[in-house]
Amino acid sequence: MQRRREGEQVECAGRPRPAGRTRRPSLHSLVPSSLEPYNKAMTDLFTIAGRQFRSRLIVGTGKYKSFQETARALEASGADMVTVAVRRVNLDRSKESLLDYIDLKKYFLLPNTAGCYTADDTIRTARLAREVGLSDWIKLEVIGDQATLYPDVQATLEATRVLAKEGFTVLAYTSDDIVFAKRLVDAGASAVMPLGAPIGSGLGIQNAANLRILRELITGVPLIVDAGVGTASDAAIAMELGYDAVLMNTGIAGAQEPVLMAEAMKHAVLAGRQAYLAGRMPRKLYATASSPLEGAVR
């Protein structure tokens, strides 16, 4: 009997099929190619101060069990931008440091001022980050209350004004107060980062109405939900509200399986962004049949 060559096509009921063992197609192969440009449009680039990022997930680097786990979680998250606490990272590169595990060719480093409680302290920390060569971008945190870690919005505004004048690209962690959000933009903030719940609480989005107001009224700079995300659905909700990105740390590092949660967060942020761009169906009080009676065979 003549043997078929590998890859040779044979006829079956008038339809060609590949010779040899039939393999189950992957889910990706079932998606029509005509959808590819549409899907690419939905994963649009994220821009801050003229710099573009592919991922809308920004990941923190604290609270992991080891530097190695941190690196694995960053990889799984798909993030382009990672944030490090200037006051908690070892800047002496002659000793082992978190910075040894962050590939600066792959990730954009965003120093933060975690642990600062005054505007002056925050400004000094930002300047230190620039002087040691970390970045002239800064995630600005000025804590006003130790129990809740809520921001001191007045001190944040003061520090933003000073650092923006000194050429820093300031991403300001703040409350969901629309008045101060507008003032931060006027002071030179390149992004406004309202909390969804207290830092490290994992409560999820507790202030959706205020976040919607911010989204409607702040359009000149990106809005990033920062703090409170506890699981993937929280990240998706933040993105469905129309926010440009989500920043998280404990939601990943505090999970039982941080690397797996990092991957879940990646998919959640993408799904939430796609859902926002697609536009959800209207909410209705009563049911609407998915198979209408009009045109039904009787």
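The values are calculated or read from the model by the stated rules, or taken from the named source; none is laboratory data. Since the structure is predicted, the reported quantities are computational estimates derived from the model, not experimental observations. For neighbour counting, all protein chains shown are included, and Cβ atoms are generated from backbone atoms with ideal geometry for every residue, glycine included. Calculation scope for accessible area: heavy atoms of the full protein, side chains included, ligands and nucleic acids excluded. Shrake-Rupley method; radii C 1.70, N 1.55, O 1.52, S 1.80 Å.
Test of understanding: among Val82, Val89, which residue is among the β-branched types (Val, Ile, Thr), in a loop (DSSP other than H, G, I, E, B) and surrounded by 15 or more Cβ atoms within 10 Å (Cβ to Cβ)?
Val89
Which one is most open to solvent (accessible area, probe 1.4 Å), of the residues in the stretch 92-119 that are of a type outside the set (S, T, N, Q) and touching a Lys or Arg at 6+ places or on another chain (Cβ under 6 Å)?
Initially, the stretch 92-119 is screened for residues of a type outside the set (S, T, N, Q), giving 92-93, 95-96, 98-111, 114-117, 119.
Right, trim to touching a Lys or Arg at 6+ places or on another chain (Cβ under 6 Å) and you get 110, 115.
Values: Leu110: 0, Gly115: 28 Å².
Only one residue fits best here, namely Gly115.
I'd like to check which helices (runs of 4 or more DSSP H) are fully inside the stretch 194-298 and have at least 2 residues that are open to solvent by 70 Å² or more (accessible area, probe 1.4 Å). Full working, then the answer.
Numbers: elements: 208-217, 232-240, 250-253, 258-278.
Output list reads 208-217, 232-240, 258-278.
Quick check on the stretch 152-171. Is at least one of its residues within 15 Å of Val225 (Cβ to Cβ) and of a type in the set (Phe, Trp, Tyr)?
From the stretch 152-171, those within 15 Å of Val225 (Cβ to Cβ) are 171; that's our starting set.
From the residues that got through so far, the ones that are of a type in the set (Phe, Trp, Tyr) too are none.
No: the stretch 152-171 contains no residue that is within 15 Å of Val225 (Cβ to Cβ) and of a type in the set (Phe, Trp, Tyr).
Within the stretch 71-107, restricting attention to residues that are of a type in the set (Ser, Thr, Tyr) and in contact (Cβ under 8 Å) with a residue 40 or more places away in the chain, which residue is farthest from Val132 (Cα to Cα)? Step through it out loud before you land on a result.
Our first condition is that a residue be of a type in the set (Ser, Thr, Tyr); within the stretch 71-107, this holds for 77, 83, 94, 97, 101, 107.
Applying the additional criterion that residues be in contact (Cβ under 8 Å) with a residue 40 or more places away in the chain yields 77, 83.
Values: Ser77: 27, Thr83: 16 Å.
Going through the qualifying residues, I end up with Ser77.
Here are Asp145, Asp186, Asp176: which of them is charged (D, E, K, R), part of a loop (DSSP other than H, G, I, E, B) and open to solvent by 60 Å² or more (accessible area, probe 1.4 Å)? Step through it out loud before you land on a result.
On the way: Asp186 fails: part of a loop (DSSP other than H, G, I, E, B); Asp176 fails: open to solvent by 60 Å² or more (accessible area, probe 1.4 Å).
After applying the criteria, what remains is Asp145.
Please count how many residues of the stretch 148-167 are open to solvent by 50 Å² or more (accessible area, probe 1.4 Å) and part of a helix (DSSP H, G or I).
Total satisfying the criteria: 5.
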